[in-house]
1. Starting from one equal scatterer on each C-alpha and no solvent at all, send me the Debye-based log10 I(q)/I(0) for the chain at q = 0.10, 0.15 Å⁻¹, two decimals.
2. From the helices alone, meaning DSSP H stretches of at least four residues, give me the mean residue ellipticity at 222 nm for the chain, per-run term -39500 (n - 2.57), in deg cm²/dmol to the nearest 500.
3. Quick check: at a probe of 1.4 Å, how many percent of the accessible area of the stretch 99-245 sits on carbon and sulfur atoms?
4. Picking from GLN60, GLN46, GLN286, which is most flexible by a Gaussian network model of the chain using Cα springs under 10 Å?
5. For labels at ASN222 and LYS130 in the simple 7 Å Cα→Cβ model, what's the distance in nm?
6. Over the stretch 220-315, what relative contact order in percent results from Cα pairs under 8 Å that are six or more residues apart?
7. Per 0.36 nm of contour for each residue apart, how much would the distance between GLU318 and ASN251 grow if the chain were fully extended, relative to their Cα-Cα spacing?
8. Per residue, how much accessible area does the stretch 1-160 show when a 1.4 Å probe rolls over the protein heavy atoms, in square angstrom?
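The values are calculated or read from the model by the stated rules, or taken from the named source; none is laboratory data. Please read these numbers as outputs of a predicted model, since none were measured by experiment. A quick note on method: Cβ atoms are made from the backbone with ideal geometry, for glycine too, and the neighbour counts reach across all protein chains shown. Heavy atoms of the whole protein, side chains included, go into the accessibility calculation; ligands, DNA and RNA do not. Shrake-Rupley method; radii C 1.70, N 1.55, O 1.52, S 1.80 Å.
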Amino acid sequence: MKILVTGGCGYIGSHTCVELLDANYEIVVIDNFSNSKPDVIDKIKQITGKDFTFYEGDVQDKELLNKIFKENKIDAAIHFAGFKAVGESVAKPLMYYRNNLDTTLSLLEVMNDHNCKKIVFSSSATVYGKPDTLPIKETAPLSTTNPYGTTKLMIEDILRDVYKSDNTWSIAILRYFNPIGAHKSGLIGENPNGIPNNLMPYIVKVATHELDHLNVFGNDYNTKDGTGVRDYIHVVDLAKGHISAINYVLNHTGCDTYNLGTGHGYSVLDLVNTFKEVNHVEVAYQITDRRPGDIDACYADPSKAKEILNWEANLEIEEMCKDAYNFVQKDNN
Ligand code: NAD
Ligand code: UD1
């Protein structure tokens, strides 16, 4: 079976490519390196000992997609390509709507033309807005607070409409909670340029003295220690969720949505303290004001993915912290 992976050089895509190759899938990857580096390709090959086909280019480019589908017999696609920074999406909404929507529309149109109607899509827990009930089930009300989140919800709606119009499609919408950590090899992981927006990359840069201290955004939330609670999931567990989803879409039709999370909530201070403990490093922090738009707590009810996809997360928060630090120590870029 041959799987097209869009955005396969990115953080979650690269880990998923490794799991796909390990599971003996053939893969074809397209990426334009807008948020990744070409050396990831060799690293994926090094980890797996397997080769694959790569196309450099934009997923919005239908001509290129057509060429890819003509040159390869693609059985299904996993669509990661898109922009993902919430703050940037508020500053540059058109750039986000253009890239996230156009990549998806071009891909769906070309897939349809080539009668390849099986797709796994990267959505986000951000589509739950401010959840009323925890843990969050897939049936919870949906809303968004920023253009990034709105693109995810719009794409979910597009996918549901595509299925309604033609029920030979098979679509899995995966709502990720908070992916962190890195591959055990330390060869692939997440190391954003500049000042990170998300918690784990920030902690890592404080631990490596690239940044002076972590700002903990508020300690007056309605949580056990007052700091925000999230469902952190190891990126390798998340990547494995895509293998389960691909196996499922290859063998069923339908359009369904799955939470990919652990079901456990950890606070900012839980993560900081665990990181310090398992890596034997200091992580200086200061409590500051809340970040606008943040919510108290967000964690998944992952039971649907277990029941239907036969997937559940296995790796603990200690492993996530160790692997995140191991990656930056080995990453020479
Ligand atoms: P990432 O930025 O590391 O990876 C995205 C990849 O897509 C990058 O390699 C980038 O170069 C590529 N890309 C972007 N636009 C492209 C285009 N037009 N053509 C070709 N390639 C393009 O992001 P990630 O963390 O791996 O996230 C993957 C997907 O999962 C995204 O859709 C993101 O919105 C979604 N997601 C991520 C998180 C998270 O916390 N990382 C959470 C929820 C959902
Ligand atoms: C953020 C995005 C969300 C996106 C997710 C994964 C916002 C408002 N939400 O979620 O849409 O799906 O990333 O990419 O940006 N924190 C600090 N100090 C920091 C950074 C974070 O205290 O320097 C806290 C936050 O207040 C939060 C927790 O750490 O309580 C996790 O933050 P983050 O990693 O940014 O993820 P989310 O806010 O869950």
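1. Log10 I(q)/I(0), no solvent term: -0.55, -1.32.
2. Details: 10 runs with 130 residues, N = 333.
One gets -12500 deg cm²/dmol as the mean residue ellipticity at 222 nm.
3. Values: 2790 of 5720 Å².
Percent of accessible area from carbon and sulfur atoms in the stretch 99-245: 49.
4. In the Gaussian network model the winner is GLN286.
5. About 1.0 nm, to one decimal.
6. On the way: 113 pairs, mean separation 44.6, N = 96.
Value for the stretch 220-315: 46 percent.
7. Numbers: separation 67, 0.36 × 67 = 24.12 nm, distance 3.52 nm.
Here the answer is 20.6 nm.
8. On the way: 6870 Å² over 160 residues.
Dividing the accessible area of the stretch 1-160 by its residue count gives 43 Å².
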